[in-house]
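The values are calculated or read from the model by the stated rules, or taken from the named source; none is laboratory data. Note that the structure is a prediction, hence the values are computed from the model and not measured. Here the Cβ positions follow ideal geometry from the backbone for every residue, glycine too, while neighbour counts run over all protein chains shown. In case anyone asks, the SASA skips ligands and DNA or RNA and just uses the protein heavy atoms, side chains included. Shrake-Rupley method; radii C 1.70, N 1.55, O 1.52, S 1.80 Å.
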Amino acid sequence: MGASSSTEQPVSAEQRELENIAASTGALPLLQKSFSNLSDPQTNAISIQALQQCFHLCYEDPVCESQQKPESFPRLLDHLGSSIVDLFFLSEKGGINWLGFLGGYMKCCGRMSTSMSLNILLRIFAMAVKKLGLSSNLEFEPDAADCKINGSLVPSDLLLLLWMCWAMLWNVRTLKSSERKGNLLLPAINHLVLSAVVACAEVDSSFDLWNCDIVGLDVQLPVGKFLNWAITTAPTLSDCLTQYVNRRLQISVLAEDEAGSSESISGDMSPNASQALLLTRGRAWAISLAPRSTITEEILKLCFSADIVGTDENLLYRSSTHGKGLNRFWSNVEGYHGPLLVLISANSEDAYQDNNKARKWIIGALTQQGFENKDTFYGSSGNLYAISPIFHVFSPSGKEKNYVYSHLYPTGRVYESHPKPVGIAFGGTTTNERIFIDEDFAKLTVRHHAMDKTYQPGSLIPNQGFLPVEASIAEVEVWGLGGKTAKEVQDSYKKREELFTEQRRKVDLKTFATWDDSPEKMMIDMMGDPNRVQREDR
């Protein structure tokens, strides 16, 4: 049993099995401490109200980056804690005993498949919607061991579901344990919702991705197709529930005046704080929801930083700040040996509406290493992203390894009959790159996925045909995701290069004995009479 349980009663086989499973995940000590702290010593059980309060999440007036904000969302969060308790923690007359507490935790946060964890997340969402008094098209089979779900979602439901997941992560990463309330910033995530809409619903080619009202969009997303989309595009979405439950239980065992490891956000909470950047909180979060990798944690730090605009140590290059062109780009990324995220904002020449407003789109590429000056493709792994107006991930296909191409002019200026392209590229082959940025950072070329066997197939931009698309580049950003170590190594590299450059510029005239031996006199003599016969010293 828990830490405060009596040893008079024998331990059942079910309890022993659950404790062993919890111990294998490392959660057993936390569960024992939280049960001891939350339970009543007389009944040796936790009251339903106490556990609901433990998981309660409340944000009265969230700040939203998007103009589309359902008014019901704050009230939906009010029912999150009670929905978790009602679904998974069985209560007896005296409350929730140790076995019910342990079993409930394993049902919602134990080791399970991605599809099962997503099912659990949908069950909690549907229960909270029901408690709120709203209708839901999700139906569950209560007796099914695999928690089967039928029905569908609408885009506004998906927006609420994603924001609920974000709110749980925000609470985990931004509040100190001594705080009960704080501010909530909801990111603009239309690109994620539209990704599910295009993948799950039947929409025609005239569907306007740029001017779409997500809240009022009346299309059905079958839950089976939604789960397939989530498994391929956002498989780590349900991790927010486990992190939230663990954090709440951790807070329950801490003293009221003891601060946790998270920091409370006190930066700029205005909706437009990060809109100037290509990498907004919502876009960074979408990238972090892809399959787990070494860079996931670094991207999440950007999502939940106090001020994403002020993260200068991660933003290595921005064309509007540092200047356009391959040389400016190279001077800012050279020496960085770590994962890099490249974002490119552009618009096609023919992508204009009747009102003459360009429809801009954003694509991205993730490399697992820094850039090198080579005339061939290189790299060990990476991803391509369609980011805006619709999000999609293109992982490595495993067929080829043409991940990155970054070539400057050769230093020796040697004549080449067939010179290699100068610029930055991802995927494809030389002269047929899937993404190619020219040396001036003025033009972007996006080719059909048939030209590329390195990354998975799919359209990087809306309505992309088979012919290459040439677009005008509006902005380029490069974010370093190698942590402090990679940045410190790059800073040391830059200092050495600056020192060597300064030394090469200096000419110490004291090393020359007389004026006759100086290089200045030699140049003057040659310019005066270059054919003059000079005595050769032997």
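How do 403-409, 166-172, 294-300 rank on mean C-beta neighbours within 10 Å, highest first? Walk me through the intermediate numbers first.
Values: 403-409: 21.4, 166-172: 23.0, 294-300: 17.9.
Descending mean neighbour count gives 166-172, 403-409, 294-300.
Using just the alpha carbons, could you tell me how many Å³ per residue the convex hull of region 57-98 encloses?
Values: hull volume 4.2 nm³, N = 42.
Here the figure is 99 Å³ per residue.
As a test question: what accessible area, to the nearest 10 Å², does GLU17 have when a 1.4 Å probe is rolled over all protein chains in place?
110 Å²
Can you tell me the FRET efficiency between LYS148 and GLN220 if r is taken as the Cβ-Cβ distance and R0 is 22 Å, rounded to the nearest 0.05?
Values: r = 18 Å, r/R0 = 0.84.
It comes out at approximately 0.75.
Which pairs, out of LYS420/LYS453; LYS107/LYS301; LYS399/LYS420; LYS69/LYS360; LYS324/LYS487; LYS33/LYS130, put more than 27 Å between their alpha-carbon atoms? The partial results should precede the final answer.
Values: LYS420/LYS453 20 Å; LYS107/LYS301 29 Å; LYS399/LYS420 23 Å; LYS69/LYS360 23 Å; LYS324/LYS487 22 Å; LYS33/LYS130 32 Å.
Pairs exceeding the cut-off: LYS107/LYS301; LYS33/LYS130.
Using 1/(1 + (r/R0)^6) with R0 = 30 angstrom and r between the beta carbons of GLN53 and THR25, what's the FRET efficiency to the nearest 0.05?
0.75
Please list, ordered by chain and number, the residues whose modelled amide H lies under 5 Å from the amide H of THR429; skip anything fewer than 5 residues away on the same chain.
When sequence neighbours closer than 5 places are left aside, the close amide H contacts are ARG434.
If you place +1 on the Cβ of every Lys and Arg, -1 on the Cβ of every Asp and Glu, and leave all else neutral, what size is the dipole of region 15-170 about its Cα centre, to the nearest 20 Debye? Kindly include the intermediate steps, with their values, before the conclusion.
On the way: 11 positive and 15 negative charges, 48 e Å.
Computed about the Cα centre, the dipole is about 220 debye.
Compute, for region 67-110, the length of the dipole vector about the Cα centre, with Cβ point charges of +1 (Lys, Arg) and -1 (Asp, Glu) only. Units Debye, rounded to 20. Don't jump to the answer; show the numbers that get you there.
On the way: 4 positive and 4 negative charges, 12 e Å.
Its charge dipole is roughly 60 debye.
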